[in-house]
1. Of all residues in the stretch 1-58, which are among the hydrophobic types (A, V, I, L, M, F, W, C), in a strand (DSSP E or B) and within 13 Å of ALA107 (Cβ to Cβ)?
2. Among the residues that make up the stretch 1-21, is at least one of them within 30 Å of LYS138 (Cβ to Cβ), more than 18 Å from the chain's Cα centre (by Cα) and open to solvent by 50 Å² or more (accessible area, probe 1.4 Å)?
3. With the requirement that a residue be of a type in the set (Val, Ile, Thr) and open to solvent by less than 90 Å² (accessible area, probe 1.4 Å), what does the stretch 116-133 give you?
4. Can you tell me which residues in the stretch 90-115 are over 20 Å from MET25 (Cα atoms) and either acidic (Asp, Glu) or surrounded by 11 or more Cβ atoms within 10 Å (Cβ to Cβ) (or both)?
5. Given the conditions (1) modelled with pLDDT of 95 or more; (2) surrounded by fewer than 15 Cβ atoms within 10 Å (Cβ to Cβ); (3) not aromatic (Phe, Trp, Tyr), report the number of the one that GLY84 does not fulfil.
6. Got a number for residues in the stretch 3-22 being β-branched (Val, Ile, Thr) and out of contact with any strand residue (DSSP E or B) (no Cβ under 6 Å at 6 or more places or on another chain)?
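The values are calculated or read from the model by the stated rules, or taken from the named source; none is laboratory data. A quick note: this is a predicted structure, and the numbers were derived from the prediction, not measured. So basically every Cβ, Gly included, is an ideal-geometry build from the backbone, and we count neighbours across all protein chains shown. Heavy atoms of the whole protein, side chains included, go into the accessibility calculation; ligands, DNA and RNA do not. Shrake-Rupley method; radii C 1.70, N 1.55, O 1.52, S 1.80 Å.
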Amino acid sequence: MPLKSLGTGTHEFEYHLDKQFFANMESSDVHDADLAVHLTVKYNGDFYDLDFHVSGEVVLICDRCLDDLHYPIDTTYHIIVKYGEDYNDDSDEILEIPESDNTLNVAYMLYDTVELAIPIKHVHPLGKCNRQMSALLKKHRATAGDEDAELENELIDEIDTLPDSSDDAPTDPRWDALRKLSDNDDK
């Protein structure tokens, strides 16, 4: 992104991130992507205020059944960039770059923003995993002859037969009380 050539005011940039972007970044998690990036840069003469909004979908591999897992992404990232003597990224909110840099490579910021929006465990929602693979997992665990394998199989059976959760389902009152505290913090 050209930085020094930007005049004061607000500037808009659009980017598209696909499979090739993540391959270039050597990502082992993201196997495909269709992400739209909207970058707003506000320059006031002293610093650049960057706001990223990333939305779309990435394709991961499910850790349980190894099928494709389509995961929606809708996240934002904000950083202030200013010129200084040397490169300094000690702060989470401010990035200082050398005066000699005319451009700013935002690829790593975009990559990190998307990667942080992806959960550590890549697993389909309950009951959505490939049934054949679940059956194979169950079979191979059973042949191990381990008592823990039997318990794991029972848990997998329970998980696979659980209906999708709905808002009408009864919840634990202790969690409801915690949610109320969280809702009050948001207001």
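1. Taking the stretch 1-58 and keeping what is among the hydrophobic types (A, V, I, L, M, F, W, C), we get 1, 3, 6, 13, 17, 21-23, 25, 30, 33, 35-37, 39, 41, 47, 50, 52, 54, 58.
Filter again for in a strand (DSSP E or B), leaving 13, 17, 33, 35-37, 39, 41, 50, 52, 54, 58.
Within the stretch 1-58, PHE13, LEU17, LEU35, VAL37, LEU39, PHE52, VAL54 meet the criteria.
2. no
3. ILE118, VAL123
4. ASP90, ASP92, GLU93, ILE94, LEU95, GLU96, ILE97, PRO98, GLU99, ASP101 - these are the residues of the stretch 90-115 that are over 20 Å from MET25 (Cα atoms) and either acidic (Asp, Glu) or surrounded by 11 or more Cβ atoms within 10 Å (Cβ to Cβ) (or both).
5. Here GLY84 meets the rest and fails (1).
6. In the first step, residues of the stretch 3-22 are kept if they are β-branched (Val, Ile, Thr); the result is 8, 10.
If we keep only those that are out of contact with any strand residue (DSSP E or B) (no Cβ under 6 Å at 6 or more places or on another chain) as well, we get none.
Selection size over the stretch 3-22: 0.
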